[in-house]
Amino acid sequence: MAVQKHIWNFSMVGGVKRVHLVSGEDLLHLHELDQKLWTALSCPVNGLEIDAKTLSLIDTNGDEQIRVPEILEAVAWITTVLKNPDVLLHGEGNFELEYINTDTEEGKNLYASAKTILRNLGKAEANYLTITDTEDIDAIFSAAQFNGDGVITEDSTTDVALIETLNTIMACTGSVQDRGGKSGINLTQVNVFFEACQNYINWINESQQSTQTILPMGNNTAMAYESFNKVSSKINDYFLRCQLAAFNAQTTGVLNLANERVQLISDKNLTTCLDEIATYPLAEIIADKPLPIVHGLNPAWVDEMHQFKTLVIDALMPNQTVLTENNWRTFENTFVAYQNWLALKPGSLVDDLGIDKINQITKQQHQEKLIQLIEQDLALAEEANNIILVDKMVRYHRDIFTLLNNFVTFYDFY
């Protein structure tokens, strides 16, 4: 027995006989309509009087053009999730929840998600939705502890210590926004942060296992090394000048200071010329002369040299008033292991926290707790996606028949 074909209605539109869509049955059989009978085969997403957000949902390939296959796909979907496709012909602003076909699994999920939206918006007793309701994603998800996007925020837990760690991670790695518009973190940020913490702990532990070598001055090593670095180049310059003076005594005057340079600033307030004075030798250049570290220093370098004497020289060779070149080389060697250890320092992601704070965080097993929260959130991904599909459903209910009327027949145009 032959299958009866769907019977189409025709009307004169703009002086031309065109298919006239008059029922939900027409929409159910739209895929059977010969495309030679369609008035248009494509239209843009933007620039029409129909809501561009609705059109962008139909434009599944994102090329900003809607074509017949995308129209048919949209119609097939919306007519499946509704009990009666006739409701599409009215294009009403209110979408009654009773329109949803709850005989299908997808329909049941959409109905549940529609109720969730109303509940989150404080309209639990309402039985209809509008696009104003469904398009406000921030409002829908802002009241939810979890929203299926894999991003957790302060609202995801009541654990004060865990919230503090969450905020610490955001401060170190930056934040991402969840569907509710709140700042939070995802799994990648959690793992990157705790990996950086562990690398930092390992690095610190290495110094503690070789304290005398890497930290020759204990907790003062960092300050001592900083002081050493400030004067290192200048002290090396001094001893090299003394070596050149020993090599050729006639160069001593030049190596000390060209009188012309002093004459240029001699009639000025010298306190304003410290930058210039700092470029002069660290002390008077005499062949093979030890470096004075108490008296006879370049005045622009007195403070730095005093700090170096206090933190380094007095710690390793107390009661010294001069520094021989051999002594200086000893000090250089003292910091080699520390320099090498610094070169292996992990990235600066968690440096500012300090080892005590890092140890506190890692000992609380916060990584595992945060991952558990993210997994709880992701478990609701399907439900959250269905909430977004509700917006699609409500939009199609309002707009798709208007689009079809003008796509198939140019009905409003004429």
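Structure above, values below:
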read-out: Filter pass, Glu206 being open to solvent by 60 Å² or more (accessible area, probe 1.4 Å), without any contact (Cβ under 8 Å) to a residue 24 or more places away in the chain and either part of a helix (DSSP H, G or I) or within 21 Å of Leu353 (Cβ to Cβ) (or both); value: no
read-out: Residue in the range 379-390 that is surrounded by 18 or more Cβ atoms within 10 Å (Cβ to Cβ) and more than 37 Å from the chain's Cα centre (by Cα) present; value: no
read-out: Residue in the range 172-185 that is small (Gly, Ala, Ser) and part of a helix (DSSP H, G or I) present; value: no
read-out: Exclusive hit being more than 13 Å from Tyr396 (Cβ to Cβ), touching a residue at least 24 places away in the same chain (Cβ under 8 Å), of a type in the set (D, E, K, R) and loosely packed, with under 14 Cβ neighbours inside 10 Å, set Glu105, Glu96; value: Glu96
read-out: Within the range 133-162, tally of residues that are open to solvent by 30 Å² or more (accessible area, probe 1.4 Å), among the β-branched types (Val, Ile, Thr) and modelled with pLDDT of 90 or more; value: 2
read-out: Members of the range 293-316 found to be open to solvent by less than 50 Å² (accessible area, probe 1.4 Å) and of a type in the set (A, V, I, L, M), listed by number; value: Ile293, Leu297, Ala300, Met305, Leu311, Val312, Ile313
read-out: Selection from the range 174-198 of residues that are surrounded by fewer than 17 Cβ atoms within 10 Å (Cβ to Cβ) and over 13 Å from the mean Cα position of the chain (by Cα); value: Gly181, Asn191, Glu195, Gln198
read-out: Any hit, the range 29-38, residues being open to solvent by 70 Å² or more (accessible area, probe 1.4 Å), at pLDDT 90 or above, in contact with a strand residue (DSSP E or B) (Cβ under 7 Å, 6 or more places away or on another chain) and within 15 Å of Asn406 (Cα to Cα); value: no
read-out: Residue that is surrounded by the most Cβ atoms within 10 Å (Cβ to Cβ), among those in the range 7-23 that are outside any strand (DSSP E or B) and not aliphatic (A, V, I, L, M); value: Trp8
read-out: Residue count, the range 332-356 (criterion: part of a helix (DSSP H, G or I) and touching a Ser or Thr at 6+ places or on another chain (Cβ under 8 Å)); value: 5
read-out: Residue ranges of helices (runs of 4 or more DSSP H) in the range 219-323 with at least 3 members farther than 30 Å from Gly354 by Cα, at pLDDT below 90 and of a type outside the set (D, E, K, R); value: 221-247, 252-256, 259-265
read-out: Complete set of residues in the range 39-61 that are open to solvent by 80 Å² or more (accessible area, probe 1.4 Å) and touching a residue at least 24 places away in the same chain (Cβ under 8 Å); value: Leu41, Lys53
read-out: So Ile66, is it surrounded by 14 or more Cβ atoms within 10 Å (Cβ to Cβ), touching a strand residue (DSSP E or B) at 6+ places or on another chain (Cβ under 9 Å) and on the phi < 0 side of the Ramachandran plot; value: yes
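The values are calculated or read from the model by the stated rules, or taken from the named source; none is laboratory data. Everything numeric here is computed off the predicted structure, so don't read it as measured data. No Cβ is skipped: glycine too gets one built from the backbone with ideal geometry, and neighbour counts run over all protein chains shown. Accessible surface areas use protein heavy atoms only, side chains included; no ligands, DNA or RNA. Shrake-Rupley method; radii C 1.70, N 1.55, O 1.52, S 1.80 Å.
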